[in-house]
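The values are calculated or read from the model by the stated rules, or taken from the named source; none is laboratory data. This structure is a prediction, so every number in the text was calculated from the model and none was measured. Cβ sites come from the backbone with ideal geometry, for glycine too, and all protein chains shown count toward neighbours. Please note that ligands, DNA and RNA were not included when accessible areas were found on the heavy atoms of the full protein model with its side chains. Shrake-Rupley method; radii C 1.70, N 1.55, O 1.52, S 1.80 Å.
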Amino acid sequence: MLERSDAAHGPSAAAPPPGGRAFPAAVDGGAAGGGGAGGTGGGDGDARRRTSAALAPVAMEAMARLVWLLLLPATIYLGSMALHLKLLPFAGRGDNFHPKPCRLGLAPRRDPDTGAVLGPATPQADCIAAGCAACRGQFPLSLPAAISSLNARMLSANAGIKKQHTFSSGWAHWPFGSQPVFYWSSTKCYADHYCRIYMAANPVVWGVDLTGLAALLLLLLGRLCSCGARRRLGTARGAPAAVRHGWLLLCGHALGWLPFAAVKRVAFLYHYIPSLHLSLLAAGLALDHLLLAHPARPPRNSTWPLR
C-alpha cells in the first residue's frame, strides 16, 4: 500500500529529508501566495470588465442623445432654409442687405408697371438678381454656400442692433413674464374701437413653469445627496424617469435661456418660448414622479385594477 501510494503521487511527492522532518507548509504557502496574487489580479480584471460592460450602454445612450439633440435640430433648420430659397426664388425688398453672389441666385425683378424683366437690357447701378448688367462675370452661390452667407449676414445684422425698444426685456425677467410685447394696433378695428394686440405672459403657465423647474431641481439635488455614485448619475437600472430625463430637460432649458445673458442687442419675451416648453415638460415630469412615489390609496370595496 505504501509503494502504491508513492507511485500514485509520482515525482511530485518529495521524499522527507534524512532528519525525518518535512516542510510542506513552506512550499504550499509559496504556491498559495502565488495563487493569491494571481487571483487578485484576475479579480481586478473582472471588476474592470464588469464596469466597462455596465458603462458601455450608458455611453452609447448618451452619444445617441447628443447626436439627436444636434443632428435633428440642424436638419430641420437647414431643411427649412433650403425650402425657403426654393419656394421664394424672386427678388424683393431687403435684397441689398445681402452680398452680390447671394443675390445672383434670385430670379430677376420685374417692372411693377409693365411687367418687363429688369435684365441685361436695363442697366442698373447695382446688382439685383441674375441677369443684371452689373453682375456679368459673377456666378451664383451654391445652395450650401447661400445658406451659409445668409446666416452670416443675419448674425452680423443682429449684432449691429444697438437701439433699445420700449417693450424689450432682459433675460432675467423672462421666467417671470413681467414685460409684454406690443404687436399691432388699429383705430378701425371693430365699431370704431381702438384695438391692440400684445403678447403677454399667462400667469398660470408661467407659474407652472417656475414651480416645475424648482420641483425638478430639488428632486434631482435630493437624488444626488441620497444615492450612490451610479444612482446619483441616474445610470443605474431602475432609476425613475425624473432622474433619467430630468437633467436633459434642465440642461436644455439652460442652453436655451442662459446664453442670452451675453447678448447685447435688444431682446423680447418671445425669445424665452423654447425654454418655456422645456420647463413645462419638467413640471410634468416632476408631477409624474411625485404621483408615482406617493400613489393614491384605492377606496374600500372598489374594483381597483390589479397590476
**Prompt:** Hey, among 46, 95, which residue is at pLDDT below 80, of a type in the set (Asp, Glu) and either closer than 30 Å to residue 147 by Cα or more than 21 Å from the chain's Cα centre (by Cα) (or both)?
**Reply:** 95
**Fill in**
Checked region 46-65 for anything farther than 21 Å from residue 248 by Cα and either outside any helix (DSSP H, G or I) or open to solvent by less than 100 Å² (accessible area, probe 1.4 Å) (or both); matches are 46, 47, 51, 52, 53
**Within region 196-304, helices (runs of 4 or more DSSP H) holding 1 or more residues that are at pLDDT 75 or above and surrounded by 12 or more Cβ atoms within 10 Å (Cβ to Cβ)** = 203-226, 241-257, 273-293
**Message:** Need the failing condition index for residue 118 against (1) modelled with pLDDT of 80 or more; (2) open to solvent by less than 50 Å² (accessible area, probe 1.4 Å), just the number.
**Reply:** (1)
**Request:** Find all pairs meeting these conditions: Cβ atoms under 7 angstrom apart; at least six residues apart or on different chains; first residue within region 66-95 and farther than 30 Å from residue 250 by Cα and outside any helix (DSSP H, G or I); second residue open to solvent by less than 100 Å² (accessible area, probe 1.4 Å) and among the small types (Gly, Ala, Ser).
**Result:** 89/107; 90/107; 91/107; 91/129
**Fill in**
Residue count, region 180-191, condition open to solvent by less than 60 Å² (accessible area, probe 1.4 Å) and under 30 Å from residue 212 (Cβ atoms), comes to 2
**Asked** Which members of region 161-179 meet the condition of being outside any helix (DSSP H, G or I) and open to solvent by less than 40 Å² (accessible area, probe 1.4 Å)?
**Response** 168, 169, 170, 177
**Message:** Under 6 Å between Cβ atoms, which residue pairs at least 6 apart in sequence (or on different chains) link something in region 163-177 that is on the phi > 0 side of the Ramachandran plot with a partner that is assigned to a helix (DSSP H, G or I) and open to solvent by less than 30 Å² (accessible area, probe 1.4 Å)?
**Reply:** 177/206
**Selection from region 99-112 of residues that are part of a loop (DSSP other than H, G, I, E, B) and modelled with pLDDT of 70 or more** = 99, 104, 105, 106
